[in-house]
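A.B. asks: For reference, the structure I am asking about is given below.
The values are calculated or read from the model by the stated rules, or taken from the named source; none is laboratory data. In this text, all values refer to a predicted model and were calculated from it rather than measured experimentally. Virtual Cβ from ideal backbone geometry, glycine too; neighbours counted across all protein chains shown. To get the accessible areas, we keep the full protein, side chains included, count just its heavy atoms, and leave off ligands, DNA and RNA. Shrake-Rupley method; radii C 1.70, N 1.55, O 1.52, S 1.80 Å.
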Amino acid sequence: TNSFQSLISITCWRSMNLETDYTPEAIEVSLACFEARRRSYAVDVSLVREIVRTHEVTPLPSAPDLIDGVVELRGALVPVLDLGRVLTGDPSEVTNQSRIVVLDCVGLLMGLCVDVATDVLSVNPSILEDVPELATQAGYNVVRAVVRRESEPPVMILSVKAIMEKVYRSALEPSGEN
């Protein structure tokens, strides 16, 4: 039944509108920027509930491999994902600069543990570039768009929906820990 419930959850997530459509008519897009594994990433600032210092994460027995555990924030238990591990398979090192980016995804809270929160970037949607077609045709969908910056590395805008699907798929995969 656990696999069946996960399949239902994936279907529900796919039907939710978790992504902002970046239309050319929009004047400006605001992005919360952070780093994971020495790369620059961002999510739409409208999804960010808050950014907090890292807390001790309490492991959840039998949780999907990509969920590190939970933290309590303002009376709510928030599942936490190590973004470095989600994106590359390798865990990030927790330092004094590490933060948890708490996302509110249609009423469901999720924390992304990142190496450092950097800034809020406001850009015109016309400068957002698509991910290269070869990557998307190969099934890569974690990054929705890219912002190139002069003299700085590009910022990759994450698809929260794709991250959630990756977590749900990890629940269906066999693990030595669970």
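A.B. asks: From the backbone phi of segment 108-117, what are the Karplus-calculated ³J(HN,Hα) couplings (6.51 cos²θ - 1.76 cosθ + 1.60, θ = phi - 60°) in whole Hz, Gly and Pro given as x?
C.D. replies: Karplus values, whole Hz, x for Gly and Pro: 9, 8, 8, x, 10, 7, 10, 5, 7, 8.
A.B. asks: Output the direction-averaged projected area (hull surface divided by four) of the convex hull of the alpha-carbon atoms of segment 59-170, in nm². Each step should come with its number before you reach the end.
C.D. replies: Working: hull surface 35.8 nm².
Taking the Cα atoms of segment 59-170, their convex hull projects to 8.9 nm² on average.
A.B. asks: Which value, in Å² rounded to 10, gives the accessible area of CYS105 with a 1.4 Å probe and all protein chains present?
C.D. replies: 0 Å²
A.B. asks: Which order, highest average first, do 146-155, 67-76, 160-169 follow once you tally other Cβ atoms within 10 Å for each residue and take the mean per peptide?
C.D. replies: 160-169, 67-76, 146-155
A.B. asks: If you don't mind, another one. Share of segment 72-178's accessible area from carbon and sulfur, percent, 1.4 Å?
C.D. replies: After summing per-atom areas, the C and S share lands at 49 percent.
A.B. asks: Also, I was wondering about something else. For LEU31, which sequence-distant residues (separation of 5 or more, or a different chain) have an amide H within less than 5 Å of its own amide H, given hydrogens modelled in the peptide plane?
C.D. replies: Excluding prolines and chain starts, which carry no amide H, the hits are VAL45, LEU121, SER122, VAL123.
A.B. asks: Now, a different point. Tell me which residues come under 5 Å, amide H to amide H, from GLU50 once H is placed; ignore anything under 5 positions away on its chain.
C.D. replies: Placed amide hydrogens put VAL102 under 5 Å from GLU50.
A.B. asks: Moving to a separate point now. Which ³J(HN,Hα) values, rounded to whole Hz and listed in residue order, are derived for segment 96-103 from phi using the Karplus coefficients 6.51, -1.76 and 1.60 in 6.51 cos²θ - 1.76 cosθ + 1.60 with θ = phi - 60°, glycine and proline given as x?
C.D. replies: 5, 8, 4, 9, 10, 8, 8, 9
A.B. asks: Among 50-59, 80-89, how do they line up by average Cβ neighbours within 10 Å per residue, starting with the highest?
C.D. replies: Working: 50-59: 13.6, 80-89: 20.1.
The peptides rank, most packed first, as 80-89, 50-59.
A.B. asks: To the nearest 0.05, what FRET efficiency results for ARG149 and THR95 with a Förster distance of 22 Å applied to their C-beta separation?
C.D. replies: Efficiency, from the Cβ-Cβ distance: 0.35.
A.B. asks: Further question on the same structure: Explain nothing, just the number: dipole magnitude of segment 58-178 about its Cα centre with +1 on each Lys and Arg Cβ and -1 on each Asp and Glu Cβ, in debye rounded to the nearest 20.
C.D. replies: 280 debye
A.B. asks: Using 0.36 nm per residue, how much length does the chain from ASP104 to SER122 gain when fully extended, once their Cα-Cα distance is taken away?
C.D. replies: 4.5 nm
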